[in-house]
Each structure stands twice: as C-alpha cells, then as structure tokens.
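These notes are about the structure you will find just below.
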Amino acid sequence: MKIRLIQNGLITQIDDLDETRTPPAVGFYWIDATLFDLDVLQPLFGLHDLAIDDCLDEEEQRPKLEIYHDHYFIVINNAEFRDQDIFLREVNIFLGSHYIITVSKHPHEIYSRLLQIVREEELNRPDAFLYHLVDQIVDRYFEVVEHIEELIEKLEEDILLNVHKTQLNQIVGLRSEVLYARKMLLPQRDLIDALHTKELPLIEPRLRKYFGDILENAVKIVESFDTFRDLISNLREAYHSAVAGRTNDIMRIFTALTTIFMPLTIVTGIYGMNFEYMPELKSPFGYYLVLAFMAALGLTMFWIFKRKKWL
C-alpha cells in the first residue's frame, strides 16, 4: 500500500496510515492499495461491505457507480492489448471528501502518468484526481482501437494474398475479444454519463462538463467497437469467399488436366486392345508416331486452356 499526500501538485509520501483519518489542511490523500489492504482500510474509512465484496469477487465487475453515505464506489476497466488479446483490468475506486483509494488486482501503467499530471496540473482535490484517472483510462482505449484496426487490415491483406486455415482461428478469436470488450464498454459509457449528469456532492459541478468531454470519447470508442464487429463479419465472409475461390481454382485445374488426359487415355486404350489385325501394329515407326500424336494432342489442348485462362 502506498499513501501519498497531494497538496497543490506537491506529492509527499506518508508512512503512518492513521494520519489519513483526519482531513489535511490543504489537499487530499491518494491511497494506492491492494486487496489485502482492504481489511485495514474498511474500518478506517467506513467503506461499505457491498463495495468490499465487489472488490474481492473473483469475477470481473461491470463498470458502475455506487453512492453511499460519505463516499462513492466506482468500478471502471482499464484496457490493454497484447498478443492479439484484449485485457480488461478492473480498477476499484473509493472517493471521499478528503481521500481517494484505488484498489487493483493488477499493476497499472497509467499511475506513473497520473503522478506527472498531479504535478503539472497542481491538483488539490480528490474529484479532480478522479477526473484525470478516468480520462487516462478512456484514452488507453484509443490505443487498443488502433491496434485492432491494424490487425483487421493485416488480416484482410493476408486473406486476399494467401488464405489459410489459421486465419479463421484469428478471426473467431478477435471477434470474441471485441464482443467481450464491447459488453463492458456499454456500462462504462453509462458510468461516465452518470458522472457527467448526476448531481454528486463529492464532485464539483464545474467538473461535470469535463466528464462530458470524456463521455464523448467513450461514445466514440463504443461506436468503434460496433464498427469492428461489422468489419470482422466482413472478414469472415471474405475468408469463406477466398476459400471457395481457391477450391474452385483447384477444381478447375483438375478438370482441365482430366480433360487433357481423357483423349490420351482413349488412344492408349484403343492400342491396348489385343486384336491381331490393327493398323500401324506392323509399322516400324508406329510406336513413335502414336507417341508424337499424343504429345501434340496434349500440348495443343494445354495451349488452348492456357489461352482461355482455364489453367
């Protein structure tokens, strides 16, 4: 657990947790905690039992805002994109009048950026810190959107150039990832809308319009994932069309080869009959004449098929 006192952008490390009971004369406390710290933090700040249960629940919680007597409980998902997979990292936030507590199951890179913002913007209130935290989380989704766009474009090019079975696995996997992320993005959009529209005593009214700006970005991200769903469906259709086209090409080649060898088979079949009296049987050049005729016939048919682009 890391405890920081933030006063007009000045960050001071605090070792004694009991100091956070009393509101500071200036600024607020940011407590970056783990799940194991909740046993200590709950009685100290009077955190609600239901909120603690949500933090400890092994299943991923949907983004939401819960309003309690003297604090708010907020669940929001940070996003990462690695190895063609979307990882949603839950961030649990307790917002009080003089503190903000972040509880995470995984480390988040955005916290280092937040420390820079604290200094640059000279933050002095926990609600302003909440705004920048939500803003950073939503901005991370734009990076995920860019990665997915690049992956879809690459898949499309690969399918057009050389279709193979592993591409279908990629398409199905990407579709499931996009649908899962979209399912979580819809309540996250509603959460930000609540921070923008609701009258919340612990959040300054002037910050509501700033949350409105974040809401616009959240709506754009949801629309992007709606577009991805359609694009992935188009990718799957393109894959099946490419497979069908490739199958047709193979069947056309086999059909052409069969057609070329059919008259040659007839010729060999005729001269393979065991009749005693047949033309050319006694000719010293009959064997070579028949071979030459078969070669000329096969080459002529091959040339005709090539000219008509059947081969």
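When restricted to residues that are surrounded by fewer than 13 Cβ atoms within 10 Å (Cβ to Cβ) and either touching a strand residue (DSSP E or B) at 6+ places or on another chain (Cβ under 9 Å) or part of a helix (DSSP H, G or I) (or both), region 155-171 contains 6. A count restricted to region 18-30 and to residues that are surrounded by 13 or more Cβ atoms within 10 Å (Cβ to Cβ) and farther than 14 Å from Asp127 by Cα stands at 3.
Of all residues in region 173-212, those being part of a helix (DSSP H, G or I) and without any contact (Cβ under 8 Å) to a residue 40 or more places away in the chain number 12.
Kindly provide the set of residues from region 268-294 that are more than 15 Å from Thr258 (Cα to Cα) and either hydrophobic (A, V, I, L, M, F, W, C) or not assigned by TED's automatic domain parsing to the domain that holds Thr255 (or both), ordered by number. Selection gives Ile270, Met273, Phe275, Met278, Leu281, Phe285, Leu289, Val290, Leu291, Ala292, Phe293. So which residues in region 250-269 are surrounded by 11 or more Cβ atoms within 10 Å (Cβ to Cβ) and either farther than 13 Å from Leu297 by Cβ or under 33 Å from the mean Cα position of the chain (by Cα) (or both), if there are any at all? Residues satisfying the conditions are Arg252, Ile253, Thr255, Ala256, Leu257. Among the residues of this structure, Glu59 counts as one that is at pLDDT below 90 and of a type in the set (D, E, K, R). Residue pairs whose Cβ atoms lie under 7 Å apart, sitting 6 or more positions apart in sequence or on different chains, and linking a residue in region 58-71 that is under 24 Å from Phe45 (Cβ atoms) and without any contact (Cβ under 8 Å) to a residue 40 or more places away in the chain to a partner that is in a strand (DSSP E or B) and not hydroxyl-bearing (Ser, Thr, Tyr), are Gln61/Val75; Gln61/Glu90; Glu66/Phe73. Out of all the residues in region 95-121, which are at pLDDT 90 or above, not hydrophobic (A, V, I, L, M, F, W, C) and either not in a helix (DSSP H, G or I) or not assigned by TED's automatic domain parsing to the domain that holds Leu10 (or both)? Those that are at pLDDT 90 or above, not hydrophobic (A, V, I, L, M, F, W, C) and either not in a helix (DSSP H, G or I) or not assigned by TED's automatic domain parsing to the domain that holds Leu10 (or both): Gly96, Ser97, His98, Tyr99, Thr102.
The values are calculated or read from the model by the stated rules, or taken from the named source; none is laboratory data. Bear in mind the structure is a predicted one, so any value in this text is a computation, not a measurement. Here Cβ is always computed from backbone atoms with ideal geometry, including for glycine, and neighbour counts include all displayed protein chains.
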